[in-house]
Amino acid sequence: MADPALPDVIRVPVLADNYVWLFAYAPARCAVIDPAVADPVLAAAAEAGLAITHILNTHWHPDHVGGNAAIKAATGCTIVGPAREAAKIPGLDRAVDHGDTVRLGDHEGQVLFVGAHTAGHIAYHFPSARALFCGDTLFAMGCGRLFEGTPEDMFAALAKLKALPPDTRVFCAHEYTLANARFAITVEPDNAALMARFAAVQAARARNEPTVPFTLADELATNPFVRARDAAELGERRRAKDVF
Ligand code: ZN
Ligand code: FE
């Protein structure tokens, strides 16, 4: 993004709709978030002149850890991941949980426990970079499916993310925005901010442009899961979205 005070975060689109992120936290160095695969990530880092020093995993799903072993073999990087899923994270060097910190150069990340999509899912918040790497917990106008958790778990997870500064840039792991928007407008057809965002997102996707990152402020205004009043309402909306 345009703010020169903020470090670059480079998008690497892989598989059908995954985004792998290169967080260029220092000159010529980056951390990779949720590498689904290795080769396009190694190529993107090389092209940007960045050495990969760390992998940060948010959860154990193969489309988030599939590149771990090959990237570690190629770079010798350190792999950081969720303590509650440690046995399922290939090559894990450092298991972290809620309240832990991850230092990358001048940037200190806070680990947030957001188990719901998977039971041990974590997110990484770097306040000095205004960046949140949230894996499959929060999406633009959506949230992750509840594979291992309950609506209560997701409500608690989103409550932690909602409490971060509204100008936080959200780097989620999938381009699910347009499908999420189509569902969201059925929940809140009278939400003007949502209708405007739906139009903007449709136009962006028609031009084949990405819609990630976005800001937490965007979600506070338009995301039916972030805006759910309680866990029961979130659960109702999640079940409806599952069959939408
Ligand atoms: Zn997942
Ligand atoms: Fe995923």
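The values are calculated or read from the model by the stated rules, or taken from the named source; none is laboratory data. Just so it is clear, the structure is predicted and the values come from calculations on it, not from any experiment. Neighbour counts run over all protein chains shown; Cβ positions are idealised from the backbone, glycine included. Surface areas here come from the heavy atoms of the whole protein model, side chains and all, with no ligands, DNA or RNA. Shrake-Rupley method; radii C 1.70, N 1.55, O 1.52, S 1.80 Å.
What the table shows:
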{"read-out": "Solvent-accessible area, 1.4 Å probe, carbon plus sulfur percent, for the range 16-124", "value": "53"}
{"read-out": "Approximate spin-label separation residue 207-residue 11, in nm, with each point projected 7 Å along Cα-to-Cβ", "value": "1.2"}
{"read-out": "For the chain, Kirkwood radius (reciprocal of mean inverse C-alpha pair distance, Å)", "value": "17.9"}
{"read-out": "Stokes-Einstein D (µm²/s) once Rh is taken as the Kirkwood radius of the range 182-233 over alpha-carbon pairs, at 37 °C in 0.692 mPa s", "value": "278"}
{"read-out": "Two-decimal Rg to Rh for the range 84-229 - Kirkwood Rh, Cα set", "value": "0.98"}
{"read-out": "Solvent-accessible area per residue, Å², over the chain with all protein chains present [probe radius 1.4 Å]", "value": "41"}
{"read-out": "Overall form of the range 64-114 per C-alpha gyration tensor (a/c, 1.5; a/b vs b/c)", "value": "oblate"}
{"read-out": "Residues of type lysines that residue 88 reaches as a straight line, Cα spacing below 26 Å, ignoring anything fewer than 8 places off in the same chain", "value": "72, 160"}
{"read-out": "Mean separation of Cα contacts under 8 Å, 6 or more apart, over the residue count of the chain: relative contact order %", "value": "14"}
{"read-out": "Pairwise Cα inverse-distance average, inverted: Kirkwood Rh of the range 9-135 (Å)", "value": "14.1"}
